[in-house]
1. Using a cut-off of 14 Å between beta-carbons, work out the net charge of the residues near His179 (Lys and Arg +1, Asp and Glu -1, His179 not included).
2. Let me check I've understood the local charge: for Val285, count other residues with C-beta under 10 angstrom from its C-beta, Lys and Arg +1, Asp and Glu -1. What total comes out?
3. Is the shape of region 191-363 best called rounded, prolate or oblate, per the rule: a/c under 1.5 gives rounded, else a/b larger than b/c gives prolate, else oblate, with a ≥ b ≥ c the square roots of the Cα gyration tensor eigenvalues?
4. Kindly count the pairs of lysines across region 191-363 whose alpha carbons are less than 16 Å apart, treating pairs on different chains or eight or more residues apart as eligible.
5. At 222 nm, what helix-only mean residue ellipticity would the chain give, in deg cm²/dmol to the nearest 500, using -39500 (n - 2.57) for each DSSP H run of four or more?
6. So, with +1 on the Cβ of K and R and -1 on the Cβ of D and E, and no other charges, what is the size of the charge dipole of the chain about its Cα centre, to the nearest 20 debye?
7. Which net charge results when you count Lys and Arg as +1 and Asp and Glu as -1 among the other residues whose beta-carbon is under 15 Å from that of Lys89?
8. How many percent of Cα pairs in the chain exceed 30 Å?
Amino acid sequence: MSQPRNVMLIGSAYPLRGGLATFNERLIREYIRLGSNASILTFSLQYPSVLFPGKTQYSTEPAPDGLPIKVKLNSINPLNWLMVGNEIKKLRPDLVIVKYWMPFMAPCFGTVCRLIRKNGHTKVISVIDNIIPHEKRPGDRLLSSYFVNSVDGFVAMSHSVMEDLSTFGNNKPRRWCPHPLYDNFGDTISKDEAKKRLGLDTSSRYALFFGFIRDYKGLDLLLEAFGTEALKTSGIKLLVAGEFYCDPAPYYEIIKRHGLEDTVIMSNDFIPDSKVVNYFCSADVVVQPYKSATQSGVTQIAYHFNKPMIITDVGGLAEFVPHGRVGYVVMPDAAAIASSILEFYSSGKEAEFSANAAIEKQKYSWGRMVEAINEVAKIPVSSHYQA
């Protein structure tokens, strides 16, 4: 597979933290591995603090080795957009990749991309998480439309996003490619070792909810499931690992109402990359009880650690978790979620589902994502520009 000579990704990266940064850094590592001169241009300001729902936007971990990252883009400063766009236009990279996930970023990204494309050389391709957000606000479609019209093509990571993209009425090239495997969180460790690192009871069984907590992710459904009599008396515990990006009070009210204080372990700080292994390897099964979704990076972390999954049948989630093979696909309903968790444990499915996950995950490669981007961009092999 021929590679573009010079690649730049515009989006979240270190010193910012979170799944977007993890994705972008891993993608650029793949371009570097395949021989491209690749770098990232990230935000000097991603969100104004008043709009950021978490505790901090910044990582406490060391900078990633071997990744050229420039901190330059300000999401709310139009003069900065003009400066950055014109600078990249003059550099004339072969390929610019933009990871798009919410309409708030559309004015910034859309303006920068329009300026870059004026050089008549650079292809600008967007990898789309969501084009229609889970938490809708007035003006979302107008903003996303501004962005959609600023790029040359798209790679969507679920068929539901491909369908959403088609509603914006353009015929630009696009391709579906599943979210690649998050393989950068270290090797699997034993369950007992992982539990000891977290101070958990090594004799207990744990289901895991992982990731930022937002209302659409359905943690309330999962807590209600654990409040059902059969699951509440089963001895199975729930490990909730992730920072609240919404009001935590309703979730703690459910725990109190059902008397789940000894059943639910709440670990609600941001989980740094170096600690992710401890949570996944402590768990028997990963539960994603989402009320709406497109795809989820949590699925690809679970695959990395060969973990069975219980997911809800919303958006594109079911595309990635074959029912009855690596887990269960159920309705977004507390009773259905409770029943599937009990079925998983009573039927002793962990070993079977884990073995199948190890096979299933082989299709989710970063090379496949690079190939999809390059095909949409149709980068000519003869490109010789060097920045």
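Values quoted throughout were computed directly from the atomic coordinates according to the rules given, and no laboratory measurement underlies them. Predicted model only: the values in this text are computed from it and were never measured. Please note: Cβ atoms are built from the backbone with ideal geometry, for glycine as well, and neighbour counts cover all protein chains shown.
1. That works out to +1.
2. Working: positive: Arg205, Lys307, Lys349; negative: Asp284, Glu350.
Summing Lys/Arg as +1 and Asp/Glu as -1 gives +1.
3. In terms of gyration-tensor shape, rounded.
4. The number of close lysine pairs in region 191-363 is 14.
5. Result for the chain: -10500 deg cm²/dmol, rounded to the nearest 500.
6. For the chain, the charge dipole is close to 1560 debye.
7. In short, +4.
8. For the chain, the share of Cα pairs beyond 30 Å comes to 40 percent.
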